[in-house]
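The values are calculated or read from the model by the stated rules, or taken from the named source; none is laboratory data. These numbers come from a predicted model, not from an experiment. Positions of Cβ are backbone-derived with ideal geometry, glycine not excepted, and every protein chain shown enters the neighbour counts.
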Amino acid sequence: MTTDTVDLARQEEFAGRMVQVLNDACLGYLCSIGHRTGLFDTLAGLPPSTSAEIATATGLNERYVREWLGGMTVGGITEYSPDEGTYRLPPEHAATLTRAAGPDNLASFMQNFALIGNVEDEVLEAFRKGGGVPYSSYPRFQELQAEETSRVYDAALIDAVVPLAPGLTERLREGIDALDIGTGQGHAVNLLAQAFPNSRFRGLDMSETGIAAARREAEHLGLSNAHFDLVDSAGLTGSYDLITAFDVIHDLARPAETLAAVAGALRDGGTFLMGDIDASSKLEENFDLALGPALYTFSVFYCMTVSLGEGGAGLGTVWGRQTAQRMLNEAGFTDITLRHVEGDIINVYYVARKATAA
């Protein structure tokens, strides 16, 4: 392409955007460090402080803290007073960077940069040869997923998510049989079991470490109505009044078989409550997604590739509402309602019931 066919103003504007992408990506790594070290949490509770004072308060090395603060400051995250040599985290910034922010804490998400960076070479090989990256290549996935979802469950599961299904709260109080597939470390199941002691809960997952963590938490909480098993959800057994699946179906190697198994395991009048990514199956309708680029990135580096690595469907993170509803229909669900939880910018919740025999 010759220079007289290039819109130079557009070229310059795009180059500026790429510079911003580079800077913001690097800030993401620094934010991950800020979260994991507790620097953000400590800064939120300190008055304007020097790097030495911040290092003492966190028990960290001052030289590293000072360099980190440099990046935070030029990136517009912390404020710096050159006369006093002090740094400050504004409360407006702390509201999305600290553990106290609960589900609004975005710094926690930044830990995924290191996770996906570790598998870049394997993903590159999959680009060239097909296939995918095995789950075993993500040793911290369970830990990160549990941290991210626990914040949401703690804030909204009992009071906001469960009531999306009409009458479900009352039925859980009376006592029903419930199953959670892809339960991870089981925090959702344990919260439900704690809130509804008359109901019986079971969680399934293929991760030994996840199931072990779920059992430890249940034991710590003294729960006798929560049980966890190492089982492939596509081969689930039993009969249940409620089955839940939170941000898991699109990751599975056999999602269609799992949805069919869910439909088969539900009792008449039972409910399938599925939380998944709130996106369209049509690319052209996803330009306004708040986390659009992030969701497609997570798909390439985890959700899609892990499924393909097992010879699976590879639905991807952004499989979308249309595909989800079609697959629910094909599994036997004819009554499907889409609901949202206020403040949740990631998920949509499907309240589904299957056709009952006449």
(request) With respect to ASP241, determine if the residue is surrounded by fewer than 22 Cβ atoms within 10 Å (Cβ to Cβ) and not small (Gly, Ala, Ser). (result) yes
(message) Please go through the range 286-304 and give me each residue that is over 15 Å from the mean Cα position of the chain (by Cα) and buried (at least 23 other Cβ atoms within 10 Å of the Cβ), ordered by number.
(response) none
(message) Can you tell me which condition LEU242 does not meet? The list is (1) in contact with a Ser or Thr (Cβ under 6 Å, 6 or more places away or on another chain); (2) not in a strand (DSSP E or B), and all the others hold.
(response) (2)
(message) With the requirement that a residue be under 28 Å from the mean Cα position of the chain (by Cα) and charged (D, E, K, R), what does the range 49-97 give you?
(response) GLU92
(request) Identify, by number, the condition in (1) part of a helix (DSSP H, G or I); (2) within 30 Å of LEU308 (Cα to Cα) that LEU179 doesn't meet. (result) (1)
(message) Test of understanding: among LEU252, LEU236, which residue is within 30 Å of THR297 (Cβ to Cβ) and surrounded by 17 or more Cβ atoms within 10 Å (Cβ to Cβ)?
(response) LEU252
(message) Among the residues of the range 187-203, what is the count of those that are out of contact with any Phe, Trp or Tyr (no Cβ under 6 Å at 6 or more places or on another chain), under 17 Å from THR149 (Cβ atoms) and buried (at least 22 other Cβ atoms within 10 Å of the Cβ)?
(response) 2
(message) For the range 45-87: of the residues being part of a loop (DSSP other than H, G, I, E, B) and of a type in the set (Ser, Thr, Tyr), which is surrounded by the fewest Cβ atoms within 10 Å (Cβ to Cβ)?
(response) THR50
(message) Here is a list: LEU291, LEU283, LEU338. Which entry is touching a strand residue (DSSP E or B) at 6+ places or on another chain (Cβ under 6 Å) and of a type in the set (A, V, I, L, M)?
(response) LEU338
(request) Residue by residue through the range 89-135, note down the ones that are buried (at least 18 other Cβ atoms within 10 Å of the Cβ) and not in a helix (DSSP H, G or I). (result) LEU89, LEU97, THR98, ASN105, VAL119, GLY132, VAL133
(request) Have a look at PHE141, PHE109, PHE113 and point out the one that is in the same structural domain as VAL300 (by TED's automatic domain parsing), closer than 27 Å to ASP344 by Cβ and within 19 Å of the chain's Cα centre (by Cα). (result) PHE141
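Of everything in the range 173-186, what is surrounded by 23 or more Cβ atoms within 10 Å (Cβ to Cβ) and under 18 Å from the mean Cα position of the chain (by Cα)? Give them in sequence order.
Residues satisfying the conditions are ASP180, ILE181, THR183, GLY184, GLN185, GLY186.
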(request) Taking GLU217 as meeting all but one of (1) surrounded by 18 or more Cβ atoms within 10 Å (Cβ to Cβ); (2) in contact with a strand residue (DSSP E or B) (Cβ under 7 Å, 6 or more places away or on another chain); (3) charged (D, E, K, R); (4) at pLDDT 95 or above, write down the number of the exception. (result) (2)
(request) Filter the range 121-138 for residues that are without any contact (Cβ under 8 Å) to a residue 12 or more places away in the chain and closer than 25 Å to PRO103 by Cβ and give the result. (result) none
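Restricting attention to the range 1-44, which residues are surrounded by 15 or more Cβ atoms within 10 Å (Cβ to Cβ) and of a type in the set (D, E, K, R)?
First, pick out the residues of the range 1-44 that are surrounded by 15 or more Cβ atoms within 10 Å (Cβ to Cβ): 27-35, 37-44.
Answer for the range 1-44, where residues must be surrounded by 15 or more Cβ atoms within 10 Å (Cβ to Cβ) and of a type in the set (D, E, K, R): just ASP41.
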